[in-house]
Amino acid sequence: MQQNHVLGRGKIYFDRFAPNTETPLGIERYLGNTPEFSLSVETQELDHYSAEEGLRIKDLSVTVQIDMMGMLVTDNIDLDNIAMFFFGDKATETVAPITAAEDVIPMVHQGGFIQLGRTAQNPVGMRQVSNVSVEDGTGTTYTAGTDYVLDPEMGRIEIVKGGGVADASTVTYDVAGHKHDLVISGTNIIYGSLRFLAFNGTGKNTDFFMPKVALRPNGEYALKGEEWQRFGFNMEILRSGSMERVYADGRPYDIL
């Protein structure tokens, strides 16, 4: 018998279901590099023992439950993967140009920073600002570089220590029209189909397809550190309709 020793490698693709359905969107998205990917199976048995003699002897064991699970780790830190980690969605936001927007600084803290354009509808604030002017209520205009420092790309102002910016000063600015991608966290479990295509370092390639899985974030996402960023997901493998839960697919041979 020829043995197949495998050094596992491969790529994972995820086809997210349309909301509140088991219908894949039809686009399998490559999750990027996944240093870890594993599957596991757990069973529960109901045992029966003979009570006809002094020593109880097991004479039957019936499997009453089979759970199939998995886990994966990715170090591809793109917004689509970040969205799944936070149970959210990625959307493209379009910001229309704004002229002479105004923010009021209610209380100045020298050495602190102000994010322009924060509202309940736009809690992250505005970026790509220009034509910035900072004035107090008497018409005094403060000087950039002396009283405050502007980061126009990020839409942030630093109040300079020892500067003259006073409480209740007004910041007037323009915003350039632009687009940006945004992830907003949610609460809905991520469902979809998952495909693993094997490209083993050695050994025969066996591909895996799971018609329905539930992905749940697992563990921490370290935004700072001395290692590459990465995060993981636990995966519950579920039945979808009449399909089985796991299909392990060998590569074609003896082509007719």
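The values are calculated or read from the model by the stated rules, or taken from the named source; none is laboratory data. It should be emphasised that the depicted structure is a prediction, and the values quoted were computed from it without experimental measurement. Backbone-built Cβ (ideal geometry, glycine too); neighbour counts: all protein chains shown.
Annotations
- Some residue of the stretch 105-120 being among the polar types (S, T, N, Q) and in a strand (DSSP E or B): yes
- Residues located in the stretch 138-158, provided they are touching a Gly at 6+ places or on another chain (Cβ under 9 Å), touching a residue at least 24 places away in the same chain (Cβ under 8 Å) and either of a type in the set (D, E) or not in a loop (DSSP other than H, G, I, E, B) (or both): R156, E158
- F87 vs. criteria among the hydrophobic types (A, V, I, L, M, F, W, C) and part of a strand (DSSP E or B): no
- When the residues of the stretch 178-207 are filtered to those that are of a type in the set (V, I, T) and surrounded by 15 or more Cβ atoms within 10 Å (Cβ to Cβ), the one that is farthest from T99 (Cα to Cα) is T206.
- D80 outside any helix (DSSP H, G or I) and of a type in the set (D, E, K, R): no
- Residues in the stretch 77-99 include at least one that is out of contact with any strand residue (DSSP E or B) (no Cβ under 7 Å at 6 or more places or on another chain), surrounded by 14 or more Cβ atoms within 10 Å (Cβ to Cβ), not acidic (D, E) and not assigned by TED's automatic domain parsing to the domain that holds V160.
- Single unsatisfied condition, N218 versus (1) at pLDDT 95 or above; (2) of a type outside the set (V, I, T); (3) surrounded by 13 or more Cβ atoms within 10 Å (Cβ to Cβ); (4) closer than 30 Å to P35 by Cβ: (1)
- Within the stretch 1-27, the set of residues being within 16 Å of F196 (Cβ to Cβ), in contact with a Ser or Thr (Cβ under 8 Å, 6 or more places away or on another chain) and assigned to a loop (DSSP other than H, G, I, E, B) comprises V6 only.
- Count - residues of the stretch 174-206 that are assigned to a loop (DSSP other than H, G, I, E, B) and under 24 Å from the mean Cα position of the chain (by Cα): 5
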